[in-house]
Amino acid sequence: MKSGGTPSTSRSDFYGGEIPFVSIEDMTSCSKYLSSTEKTITALGLKNSNTWLVPKEAILYSIYATLGIPRINIIPVTTNQAILALICDLQKVDNNFLFYWLDYIRDSIVNINSSQTTQKNLSATIVKTFSVYHPTNIKEQEKIAEVLSTVDKAISETEALIAKQQRIKTGLMQDLLTRGIDENGNLRNEETHQFKDSPLGRIPVEWEVKTLVQCANRVIVGLASSTTHAYRDIGIPLIRNQNIRRGYFDDTEILYLDPIFAASFPNKATRYGDVLTVRTGSNVGDTALVPIKYVGAPTFTTLITSTNNDILLSDYLVWYVNSQIGERELNRIMVGGGKENLNVGQFTHFRISVPLIKEQFKIIQLLQNVENQLSGEITSLDKLRSLKTGLMQELLTGKKRVTPLLENSPIF
């Protein structure tokens, strides 16, 4: 068990060689196995520093800053001083089992460490005191690791599928919101359809560029004065920035207002189909449709847009504002002053490429289909992560044994 070191950064001849040099960033950018590094060092850098060549199949363990992350290096590496390398006695413990055990105790290590006022890092001396609970049978350790690795593989495959679906969604949004679809359900292109120049670039001749004020019945800002004196445990829901996400509504943190106080601002109440946009803060520009259950609720400082459904559908506006095209348009109208924010006057000048209503319906349907597929995969990922957490709690504490699997019998 030994930590590494860092060759002098003032010596260019110590870096850029063929020896992988692991940092915390390399460990956080991979999952279980570490196979590459951002930086490399030379043989001279290795010789003239405290780092050392860690053989493959060791366990790398972060002990500074980002604490308690284990990784298995599948190539020989060197590390900096923030990483402890553990070379296991394979007669006593399986590498993969120890990886999962260290991963399982990570929250406890972080919580204990954060409660201390002086020691914010780990060290080899501290790590050596860890009591590793494990089956004495190596085959049982291997089977536990195999079960958890199977779930990990499913998680990785689902994450890759989600990333692919995200790319498909982004590309489809770009295509549909700039080219649209014709009466046959095909994406338009300039070889087969007529396009024209517009302030937003080339668009189909059937489309128009309109500002939000031309497409909306109202664009207002929610309650602007302090409402803390009116907060209640129950009452009228108050929609805030943290409830509005990019394309969806998050009601995990809903505050409530005194009904009498809320009733004194009837013009701030949301209506069915209203589009809500964050106007200030870290998620400025995030836009979502008000859920039916919160229709009538006021908002705090957020922008409220009621579209004219003869010109612009609410769902189309939500997709548009949250797209890359919409982001560029928001940046054009954003007010600076050291803090990005949107005001009503500027937001009314937000420009939109507007198809006919029937085409807007088609575009919304196609994008929603992709979104539904993506949501399904995200739900599957959440279930797999919960399954892994449950299995780790049972298998790594001995509450459930895998001995039946060693005899080719079902465990569950």
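Given the structure, is Ala288 buried (at least 17 other Cβ atoms within 10 Å of the Cβ) and in a strand (DSSP E or B)?
So Ala288 passes the test.
So Arg179 fits all but one of (1) modelled with pLDDT under 95; (2) assigned to a loop (DSSP other than H, G, I, E, B); what number is the exception?
Result: Arg179 passes all but (1).
Residues of the stretch 40-56 being crowded, with 18+ Cβ neighbours inside 10 Å, under 12 Å from Thr79 (Cβ atoms) and without any contact (Cβ under 8 Å) to a residue 40 or more places away in the chain, which ones?
Ile41, Leu46
Quick one: count up the residues across the stretch 119-150 that are open to solvent by less than 30 Å² (accessible area, probe 1.4 Å) and in a loop (DSSP other than H, G, I, E, B).
The qualifying residues number 2.
Residues of the stretch 194-205 being under 14 Å from Arg332 (Cβ atoms) and among the aliphatic types (A, V, I, L, M), which ones? Step through it out loud before you land on a result.
Initially, the stretch 194-205 is screened for residues under 14 Å from Arg332 (Cβ atoms), giving 199-201.
Answer for the stretch 194-205, where residues must be under 14 Å from Arg332 (Cβ atoms) and among the aliphatic types (A, V, I, L, M): just Leu200.
Restricting to the stretch 195-247, give me the number of residues that are part of a helix (DSSP H, G or I) and within 19 Å of Gly285 (Cα to Cα).
Looking only at that region, the number is 6.
Taking the stretch 211-227, which residues are closer than 19 Å to Ile357 by Cβ and surrounded by 20 or more Cβ atoms within 10 Å (Cβ to Cβ)?
Once the filter is applied, which keeps residues that are closer than 19 Å to Ile357 by Cβ and surrounded by 20 or more Cβ atoms within 10 Å (Cβ to Cβ), the stretch 211-227 yields Leu212, Cys215, Ala216.
Determine which member of the set Ile260, Ile234, Ile254 is more than 32 Å from the chain's Cα centre (by Cα) and modelled with pLDDT under 95.
Ile260
For residues that are under 21 Å from Tyr15 (Cα atoms) and either assigned to a loop (DSSP other than H, G, I, E, B) or among the charged types (D, E, K, R) (or both), tally how many sit in the stretch 57-105.
5
Restricting attention to the stretch 278-292, which residues are more than 20 Å from the chain's Cα centre (by Cα) and in contact (Cβ under 8 Å) with a residue 24 or more places away in the chain? Don't jump to the end; show me each part of the working.
Keep residues of the stretch 278-292 that are more than 20 Å from the chain's Cα centre (by Cα), which gives 279-280, 289-292.
Listed by number, the residues that qualify are Arg279, Thr280, Leu289, Val290, Pro291.
So that you can scan it fast, the table gives a plain yes or no per residue for (1) open to solvent by 20 Å² or more (accessible area, probe 1.4 Å); (2) free of Cβ contacts under 8 Å to residues at least 40 places away in the same chain:
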residue: Met1; (1), (2): yes, no
residue: Pro7; (1), (2): no, no
residue: Ser10; (1), (2): yes, yes
residue: Tyr15; (1), (2): yes, yes
residue: Glu18; (1), (2): yes, yes
residue: Ile24; (1), (2): yes, no
residue: Thr28; (1), (2): yes, no
residue: Arg71; (1), (2): yes, no
residue: Leu84; (1), (2): no, no
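Name the one entry in Ile138, Ile87 that is over 29 Å from Ala43 (Cα atoms) and over 26 Å from the mean Cα position of the chain (by Cα). Quick ask: steps written out before the conclusion?
Working: Ile87 fails: over 29 Å from Ala43 (Cα atoms).
Unique residue meeting the criteria: Ile138.
Whether any residue in the stretch 229-242 is closer than 28 Å to Glu340 by Cα, polar (S, T, N, Q) and exposed (fewer than 14 other Cβ atoms within 10 Å of the Cβ) is what I want to check.
Checked against the condition, which is being closer than 28 Å to Glu340 by Cα, polar (S, T, N, Q) and exposed (fewer than 14 other Cβ atoms within 10 Å of the Cβ), the stretch 229-242 yields no hits at all.
Looking at Glu183, Glu208, Glu190, which is the one that is open to solvent by 30 Å² or more (accessible area, probe 1.4 Å), closer than 22 Å to Arg332 by Cβ and acidic (Asp, Glu)?
Working: Glu183 fails: closer than 22 Å to Arg332 by Cβ; Glu190 fails: closer than 22 Å to Arg332 by Cβ.
Just one listed residue meets the conditions, Glu208.
Of all residues in the stretch 151-173 being closer than 20 Å to Gln373 by Cα and free of Cβ contacts under 8 Å to residues at least 60 places away in the same chain, which is most open to solvent (accessible area, probe 1.4 Å)?
Arg167
Within the stretch 313-397, which helices (runs of 4 or more DSSP H) (wholly inside it) include 1 or more residues that are over 26 Å from Arg167 (Cα atoms) and either open to solvent by 20 Å² or more (accessible area, probe 1.4 Å) or of a type in the set (Gly, Ala, Ser) (or both)?
Output list reads 344-347, 357-395.
Select, from Ile236, Ile254, Ile260, the only residue that is farther than 23 Å from Glu327 by Cβ, of a type outside the set (Phe, Trp, Tyr), without any contact (Cβ under 8 Å) to a residue 24 or more places away in the chain and in contact with a Phe, Trp or Tyr (Cβ under 9 Å, 6 or more places away or on another chain).
None of the others qualify; the one that does is Ile254.
Any idea which of (1) open to solvent by less than 40 Å² (accessible area, probe 1.4 Å); (2) without any contact (Cβ under 8 Å) to a residue 24 or more places away in the chain is the one Pro266 doesn't satisfy?
Looking at each condition in turn, Pro266 falls short on (1).
The values are calculated or read from the model by the stated rules, or taken from the named source; none is laboratory data. All values derive from a computational prediction rather than experimental measurement. Every residue, glycine among them, receives a Cβ derived from its backbone with ideal geometry; neighbour counts consider all protein chains shown. Side chains are part of the model used for accessible areas, which takes the heavy atoms of the whole protein and leaves out ligands, DNA and RNA. Shrake-Rupley method; radii C 1.70, N 1.55, O 1.52, S 1.80 Å.
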